[in-house]
Amino acid sequence: MNVTNKVKIGVAGLGTVGAGVLKIINTHSELLRARTGTTLEITAVSGRNQNKDRGVSLEGLTWYDNAVDLAKDPDVDVVLELIGGSEGVAKDLCVTALSMEKHVVTANKALLAIHGTELAELAEKHNVSLAYEAAVAGGIPIVKALREGLAGNAISRVYGILNGTCNYILTEMEETGGEFGSILQDAQKLGYAEADPSFDVDGVDTAHKLAILTSLAFGTPVDFNSVYIEGIRNVTAADIAAAEEFGYRIKLLGVSRRTAEGIEQRVHPCMVCTDTAIANVSNVFNAVVADGDFVDSTVYVGRGAGEGPTASAVVADIVDIAMDRRCPTFGVPIKEMTPLPTASIENHVGCYYVCLTVYDRPGVIADVSAVFRDEDISIESLLQRGRSESEAVSVVLVTHEAQEAAVARALSKIENFAHSVATPRMIRIVSL
């Protein structure tokens, strides 16, 4: 698209983000005109309820009950897909719009994590943009940073706090000493967590975003199915307290890195040193760190969700389209994308925090130490909580670097001890 006097926009999905986009374009129409040299005009919308009060006027806009019909409107140049979901109407809308040579802007991380490569190929075929800054980390411009700002670097690792709900829960657990269940209920009352929080607290939302970042960082097809996923439901107040004693904080991180075996993509709770930048990102904020060979580490922090930050990212993509600023969807043309082997989580090497619940009987610690010795795992430190032969006590230890498969075997053996009371808990310690 060449810069013209007007860019006509259709908005499919009038929830929090869709309404926010209308507000920004209405509020900053003159500012956006000055920055782009053109008028950004919303001409058509689609939503569930035409009569709902969204705090913004829809007067004069063409309404579509069927979002796919919006993509066929000849008075729409750019389609905003703000519906959500990896299948159904959201996907049909994007396929239709791209096939009709219309640019698409989406905030839909699930759609891109599952179908990103094929949609990018369709956009490339029809010479239009598929833009998605709002799909990862909300208001943080991490897509533009990886795709453009760090284009002169070979990226070795990208990682971050990609879900505000989980970060809020873990922050509150640390600050109040509360357990996961009660803090989750508080988060739901405050609107930070959904009624069904599974996508957030089980790590799926973070994994969707990580799959997209991996493709951007390493020029590979989006491969959500290769992401190892573990959520925060099993993190306890005792784990939070132990982490603090050892000099760590617990964060749910998405980590993607290049290894000798291939690309490692993993989402799980991590213990990170309290003096690192990411350990000090709290509450609903997100943070992303990218390691490049020439730039070293770059850190991006901001609000990862909400009407304002997410709508701001959507509008930034519209501005790029209006100014005819183009680059391949995931940083390289489809034909240049290189599928890389998946590095197995079992081969991951790192340090581990382990919490055991056992009866305090003579020889227990010796037995535990023997299991770790037999798996060639060295223990850095060990703490025992309480002392009573008739009651269970906690034994907390931190290992030196070890292979994950060896740690898993050791914990399986310990769980089968006669004096073991509960399933051992393990949290990976990440060196940043």
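Here are the numbers:
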quantity	calculated
Residue match in region 208-220 (condition: farther than 23 Å from Glu175 by Cβ, among the hydrophobic types (A, V, I, L, M, F, W, C) and surrounded by fewer than 18 Cβ atoms within 10 Å (Cβ to Cβ))	no
Those residues of region 240-264 which are aromatic (Phe, Trp, Tyr) and either part of a strand (DSSP E or B) or at pLDDT 95 or above (or both), in sequence order	Tyr248
For Asp376: the one exception among (1) loosely packed, with under 15 Cβ neighbours inside 10 Å; (2) on the phi < 0 side of the Ramachandran plot; (3) charged (D, E, K, R)	(2)
Every residue from region 237-273 that is touching a strand residue (DSSP E or B) at 6+ places or on another chain (Cβ under 8 Å) and farther than 25 Å from Leu213 by Cβ	Ala238, Asp239, Ile240, Ala242, Ala243, Glu245, Phe246, Gly247
Tally of residues being part of a helix (DSSP H, G or I) and either within 17 Å of the chain's Cα centre (by Cα) or β-branched (Val, Ile, Thr) (or both) across region 283-320	7
Which listed residue, of Glu174, Glu121, is in a helix (DSSP H, G or I) and assigned by TED's automatic domain parsing to the domain that holds Val295	Glu174
Residues of region 333-362 that turn out to be loosely packed, with under 13 Cβ neighbours inside 10 Å, in contact with a Gly (Cβ under 7 Å, 6 or more places away or on another chain) and assigned to a loop (DSSP other than H, G, I, E, B), as a count	2
Region 127-146 - residue that is part of a loop (DSSP other than H, G, I, E, B) and among the small types (Gly, Ala, Ser) and, of those, surrounded by the most Cβ atoms within 10 Å (Cβ to Cβ)	Ala137
Residue that is modelled with the lowest pLDDT, among those in region 170-200 that are touching a Phe, Trp or Tyr at 6+ places or on another chain (Cβ under 8 Å) and not small (Gly, Ala, Ser)	Tyr192
Top-ranked residue of region 379-407 - restricted to ones that are outside any strand (DSSP E or B), at pLDDT 95 or above and touching a strand residue (DSSP E or B) at 6+ places or on another chain (Cβ under 8 Å), ranked as surrounded by the most Cβ atoms within 10 Å (Cβ to Cβ)	Val407
Which numbered condition Asp324 fails, given (1) exposed (fewer than 15 other Cβ atoms within 10 Å of the Cβ); (2) part of a helix (DSSP H, G or I)	(2)
Any pair with Cβ under 7 angstrom, 6 or more apart, that starts in region 274-289 at a residue that is more than 19 Å from Val136 (Cα to Cα) and ends at one that is part of a strand (DSSP E or B) and of a type in the set (Val, Ile, Thr)	Ala277/Val299; Ala279/Val272
From the options Lys8, Lys23, residue that is among the basic types (Lys, Arg), assigned to a helix (DSSP H, G or I) and surrounded by 14 or more Cβ atoms within 10 Å (Cβ to Cβ)	Lys23
Any chance Glu30 is over 26 Å from the mean Cα position of the chain (by Cα) and either in a loop (DSSP other than H, G, I, E, B) or more than 17 Å from Ile321 (Cβ to Cβ) (or both)	yes
Residue match in region 154-162 (condition: among the β-branched types (Val, Ile, Thr), touching a residue at least 60 places away in the same chain (Cβ under 8 Å) and not assigned by TED's automatic domain parsing to the domain that holds Leu253)	no
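The values are calculated or read from the model by the stated rules, or taken from the named source; none is laboratory data. Only a predicted model underlies this, so the values are computations on that prediction, with no experimental measurement involved. Reconstructed Cβ throughout: ideal geometry from the backbone, glycine too, with neighbour counts over all protein chains shown.
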